[in-house]
Amino acid sequence: ASRFNPLKADAAWQKVWDDRRTFAARDDSPKPKSYVLEMFPYPSGRIHMGHVRNYTMGDVLARFRRMKGMEVLHPMGWDAFGMPAENAAMEKKVHPGTWTRANIATMKAQLKRLGFALDWTREVATCEPDYYGHEQAIFLDFFASGLVYRKESAVNWDPVDMTVLANEQVIDGRGWRSGALIERRKLSQWFLKITQFADELLEGVRALEHWPDKVKLMQENWIGKSEGLQFRFSLSDGGSVEVFTTRPDTMFGASFVAVAADHPIAQALAETSPEVAAFIAQCKLGGTTAAELETQEKLGWDTGITAAHSFDSERQLPVYIANFVLMDYGTGAVFGVPAHDQRDYDFATKYGLPIRRVVSEGDKTDPDFHDDAAYTGPGTLVNSHFLDGLDVPDAKRAVIVRAEEGGWGTGTTVWRLRDWGVSRQRYWGTPIPIIHCDACGAVPVPRDQLPVVLPDDVSFDVPGNPLDRHPTWKHVACPQCGAEARRETDTLDTFFDSSWYFIRFASQPSDQPFDKAVAEQWLPVGQYIGGVEHAILHLLYARFFTRALNHIGKLDVTEPFAGLFTQGMVTHETYKTLGGKWLSPEEIRKDSAGAVEIASGDVIEVGRIEKMSKSKKNTVDPEPIVDQYGADAVRWFMLSDSPPERDLEWSENGIEGAWRFVQRLWRLFDGLSDQGDATGADKDLDRRLHRTIAGVAEDVEALTFNKAVAKLYELVNALERAQPSASRTAAIRTLVRIVAPMVPHLAEEAWAAMDNAGLVADAPWPEVDPALLVDDEVTVAIQVNGKLRDTLLLPKGMAREDVEAAALASDKIVRLLEGKAPRKVIVVPDRLVNIVA
Ligand code: ANZ
Ligand code: ZN
């Protein structure tokens, strides 16, 4: 028997698929359409195991749906703008474009090497003008429709390098290159009005049936709809301050009022007091990420002003300026209830403010609060006058009613979602197609001058944005008045690029971003697959984009991704020397003494199984593995061990097991030719085969690939054990098609060897005979007057009447009864029939 040789087969079939454009999707196909998409990769250099797992899953579904008779769109492209290319430019002195395009070439070859059924005719790279030029047109459409605006907003400013830094370039509050303390600076930047769609985005995500609940919840929380009360406190200086709260029920527990550093009250004080000005400056140190704001030490400045409590004007609350209050949420001012809010608790503890319980926790009702964390759970209102005895929701309503009746407050809704700041002060991104003129303001670049192409001759030897210091690029005439004007030198956030690539895949005319009718034939994406790290921003921006395009009449689709799946990580053991240095899997060997560093012979520590990452050196490069075992074994392993939403541990044993299975499959297919024309039916095998066809189809649609794999193992075991028969021959011939989506190279090879016409990739998925799906049969004893006379093999759970009829029809029983009707028939389902003659 021969062995399956992936080195030859893989390349040969990949060439056939390429030459015949087997996987090119046809817009005009009469077949039902299916759009299967995996999140497109950032061209960082090489494909990693996470990509292999992600793309294998999508590939199996895409190939399966083609076999089921659908016209499948399964495209691939490159999310090609972004910081790492600029870092490479600085470190390796290579142009970002050169670096990116070289990476794309490498990674494309690697993807091809895995035999993915991709429509390469629709490939896009977001860094090419034929992509980003259309993106600029969309930006201008949004601009014309009032969905884009400019406003002052904070950026991370590095005072030594004199440049704006991206959030990921701020490490522990310091610039990554200069090490200088980062300041928050205001800069005029471009924003998209995503908040205009907050309600729709919330309702929309709730209605998505084929999205994981956890992702839906993450989106809901990000959009963050809060119902609460907005009201005014009168201040001791004669003024007033408006606050927003979601916990009006806790009013009687208030012990201070706090305003943001940018709040007008704080700003006014700073004008006359240098100390306040210095405090405000201190509040602005540190980066702008949410995580940083959350974990920063709480800082407060007592203004000396007091606020009169709304229900009790005798009680005066001190007014602080505090760094944990944000100017752009609610009203930029809050009242603090230390017993029932953790930030307020931390603040009150630090500044010695009273902590008063107003919501009971179990039987704790005492106003003196002594616990070491705030209590935020449910309970009954206590120490709260007219609210005492109400539960939290009722108390909230009661306060809102009083406030509205008394005319000092209103029930309101606020959203956590902020408008999307899309300006980046970087080179390697889509230029924002705007020209600034002193006379005319921000003027759109005329459509016939798109794309605004990035200049190539730029330098990265000094920090900052090369577009800004380019000698000529930004100097242009105003399109409106012809005066000297300047191009916008900010580029778009790369999330902008990935917010519509799936539309461009569906339709890519040269004269517009997409053709509405063609795109709508494919959209929404039926199944989107990617990492959970994109559960919030990318998916939210893409959803917003789709709605914005819908809003301006460019697309009749509201939700871009009907089905979403987030796959688990690929993990691997970690290795560390006793000195604490990480070692890669190639640097170690395992023997009876344990794990040993090859170079030194020293025993090392085998660490935890963790997500593959460069920092822990526990990555395994897929390419040499594919070279050694072939694409099919790698694909099989990616599908087999774990449920797809869970982590998959990469192991040598695992890939070897997959390789052995691939060879077993090959022996079954290859052995068929020695078998001649085996005859005879094998009922058990027939049933197994049909159950497997149906089961694997269900599992692939449900993306539970590991279950499909388990079913295929069982069938292959049974086929190996079975005696030659016509059933066995037929089952093996059918098996080629069942495994084709998973191990496509082997399947093509076997399909051709069996003298089938065409490609197995184009073959129909095998039909299921429903009669053969009936659950196991049972042996039923047939007695006549209590004596065993016959046994019948009947489907399990067969109805009484049918069992009785089958018993009376048995040859032996017919003979015994000699034509006389039985006096009585007793049926014990699935077990026995007693005929009283
Ligand atoms: C009093 C209170 C008592 C609050 C209590 C919470 C718990 P969500 O639900 O996330 O929307 N807040 C309001 N505006 C703020 C701002 N600009 N910066 C920082 N914090 C602000 O959060 C709403 C709550 O966050 C509000 O309810 C307010 O504190 C605070 F036991 O008011 B609360
Ligand atoms: Zn002008």
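The values are calculated or read from the model by the stated rules, or taken from the named source; none is laboratory data. Predicted model only: the values in this text are computed from it and were never measured. Ideal geometry is used to build each Cβ from the backbone, glycine not excepted, and the neighbour counts take in all protein chains shown. Side chains are part of the model used for accessible areas, which takes the heavy atoms of the whole protein and leaves out ligands, DNA and RNA. Shrake-Rupley method; radii C 1.70, N 1.55, O 1.52, S 1.80 Å.
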Looking for something under 21 Å from Phe4 (Cα atoms) and either hydrophobic (A, V, I, L, M, F, W, C) or surrounded by 13 or more Cβ atoms within 10 Å (Cβ to Cβ) (or both) - is there at least one such residue anywhere in region 761-781? yes
All helices (runs of 4 or more DSSP H) inside region 407-510 with 1 or more residues being touching a residue at least 60 places away in the same chain (Cβ under 8 Å) and more than 16 Å from ligand 1 (Cβ to nearest atom): 494-497, 501-506
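Go through region 318-334 residue by residue and tally those that are over 29 Å from Ile223 (Cα atoms) and either surrounded by 22 or more Cβ atoms within 10 Å (Cβ to Cβ) or within 7 Å of ligand 1 (Cβ to nearest atom) (or both). Steps first, answer last, please.
Taking region 318-334 as the starting set, the residues that turn out to be over 29 Å from Ile223 (Cα atoms) are 318-319.
Imposing the further condition that a residue be either surrounded by 22 or more Cβ atoms within 10 Å (Cβ to Cβ) or within 7 Å of ligand 1 (Cβ to nearest atom) (or both) reduces the set to 319.
Here the count works out to 1.
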Just one of Glu533, Glu488, Glu484 is more than 30 Å from Pro32 (Cβ to Cβ), in contact with a strand residue (DSSP E or B) (Cβ under 6 Å, 6 or more places away or on another chain) and among the charged types (D, E, K, R); which is it? Glu488
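So if I check each of Arg815, Arg831, Arg800, which one is among the basic types (Lys, Arg), surrounded by fewer than 16 Cβ atoms within 10 Å (Cβ to Cβ) and in contact (Cβ under 8 Å) with a residue 40 or more places away in the chain?
Arg831
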Looking at Asp79, Asp172, Asp130, which one is without any contact (Cβ under 8 Å) to a residue 24 or more places away in the chain and open to solvent by 10 Å² or more (accessible area, probe 1.4 Å)? Asp172
Which residues, taken from region 97-107, are without any contact (Cβ under 8 Å) to a residue 60 or more places away in the chain and surrounded by fewer than 19 Cβ atoms within 10 Å (Cβ to Cβ)? Thr98, Arg101, Ala102, Ala105
Looking at (1) more than 28 Å from Trp120 (Cβ to Cβ); (2) touching a Pro at 6+ places or on another chain (Cβ under 9 Å); (3) aliphatic (A, V, I, L, M), which is the one condition that is false for Val525? (1)
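Based on what the data block shows, is Leu111 at pLDDT 95 or above and crowded, with 20+ Cβ neighbours inside 10 Å?
no
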So which residues in region 521-566 are assigned to a loop (DSSP other than H, G, I, E, B) and open to solvent by 10 Å² or more (accessible area, probe 1.4 Å), if there are any at all? Leu523, Pro524, Gly526, Ile536, Ile552, Gly553, Lys554, Asp556, Val557, Thr558, Glu559, Ala562
Selection count, region 616-672, where residues are free of Cβ contacts under 8 Å to residues at least 60 places away in the same chain, polar (S, T, N, Q) and closer than 26 Å to Ser2 by Cα: 2
Out of the residues in region 315-339 that are in contact with an Asp or Glu (Cβ under 7 Å, 6 or more places away or on another chain) and either within 16 Å of ligand 2 (Cβ to nearest atom) or hydroxyl-bearing (Ser, Thr, Tyr) (or both), state the one that is modelled with the lowest pLDDT. Thr331
Taking region 352-363 and keeping residues at pLDDT 95 or above and surrounded by fewer than 17 Cβ atoms within 10 Å (Cβ to Cβ) leaves Gly352, Pro354
For region 386-420, give me each residue that is hydrophobic (A, V, I, L, M, F, W, C), farther than 15 Å from Pro248 by Cα and open to solvent by less than 50 Å² (accessible area, probe 1.4 Å). Leu417, Trp420
Starting from residues that are under 37 Å from the mean Cα position of the chain (by Cα) and either of a type in the set (D, E, K, R) or open to solvent by 10 Å² or more (accessible area, probe 1.4 Å) (or both), keep the ones in region 424-445 and report whichever is farthest from ligand 2 (Cβ to nearest atom). Trp428
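Quick check on region 567-611: of everything there that is in a loop (DSSP other than H, G, I, E, B) and hydroxyl-bearing (Ser, Thr, Tyr), which residue is nearest to Leu539 (Cα to Cα)?
We begin by selecting, within region 567-611, every residue in a loop (DSSP other than H, G, I, E, B); these are 568-569, 577-581, 584, 592-593, 598-602, 604.
Then keep just the ones that are hydroxyl-bearing (Ser, Thr, Tyr); that gives 577, 584, 592, 600.
Details: Thr577: 41, Ser584: 34, Ser592: 49, Ser600: 48 Å.
Among residues in region 567-611 that are in a loop (DSSP other than H, G, I, E, B) and hydroxyl-bearing (Ser, Thr, Tyr), the one nearest to Leu539 (Cα to Cα) is Ser584.
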Under the condition of being part of a loop (DSSP other than H, G, I, E, B) and closer than 14 Å to Gly253 by Cα, which residue from region 340-353 is nearest to ligand 2 (Cβ to nearest atom)? Asp341
Scanning region 253-265 residue by residue, those surrounded by fewer than 24 Cβ atoms within 10 Å (Cβ to Cβ) and not aliphatic (A, V, I, L, M) turn out to be Ser255, Asp262, His263, Pro264
